[in-house]
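Asks: Structure below; questions to follow.
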Amino acid sequence: MELLPQSREALDEYVTPTVDDVEGLLRVIEGWAVRAVPDCVALSVTLLDEDLTFTLVEPSSREQHEQRGSGRAGDPGRRAEALDEDRWAEMAREGAFGGIASTVSLPVVEEGRAVLTIDLYASTAHAFHDRLDGLVEALGAWQAGAVTNADLGFETRRRAEAAPQRLREQRLQDVAVGLVAARVGLTTDDALLRLREAAECAGISEAQAAHAAQVLLG
């Protein structure tokens, strides 16, 4: 699998004390996943504290999506039907990302709280059947929180594509918080709260408020 270009860009800029080597983590998960599920064509890891997603995908899966387009989710009459789980999955696949026919989302819990989510994507409908136990054990995931076929549209890919922008906004916010804290004599936590309150009162995003703070205080 290959890193999305945006994931490569984000990884090159990403610094955190919680996960030393995100790309290494992705590659370890990839190794486990493709051994357990040969039809696995993509995977994403979301760091929940940072709200950042990083994605690996088989080039052939991306090409299929580009050739096929985004697909159709079905007409309103069909969506209004009472659906059992199998029927729902069948309809969801009609609008799925090219090359993806089944998915599983596995949370990883440490000290009683979820710290990251692993999403795996396969090219066949029953790729994860009878394999969840092995995946949970190998990946250290929380089995009770596993969800299947909830992301056939590959939404984690879209979040991964947005990761570089999120990192830029976070750096902007960090600088603004430091400026506010130093200028007003607040802790960084209180300065962040002040920035958020200012954004809400002005009806603008936190990133816009951070930029305004830099202009005014920088």
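Asks: Could you tell me how many of the residues in segment 158-216 are within 21 Å of the chain's Cα centre (by Cα) and acidic (Asp, Glu)?
Replies: 3
Asks: Hey, could you check segment 121-178 for residues that are part of a helix (DSSP H, G or I) and β-branched (Val, Ile, Thr) and say which is farthest from Asp51 (Cα to Cα)?
Replies: Val136
Okay, residues lined up against (1) assigned to a strand (DSSP E or B); (2) modelled with pLDDT under 90; (3) at positive phi:
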residue	(1), (2), (3)
Val19	no, yes, no
Ala33	no, no, no
Val45	yes, no, no
Ser61	no, yes, no
Glu66	no, yes, no
Arg72	no, yes, no
Asp86	no, yes, no
Ala92	no, yes, no
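The values are calculated or read from the model by the stated rules, or taken from the named source; none is laboratory data. Quantities reported herein were computed from a predicted structural model and do not represent experimental measurements.
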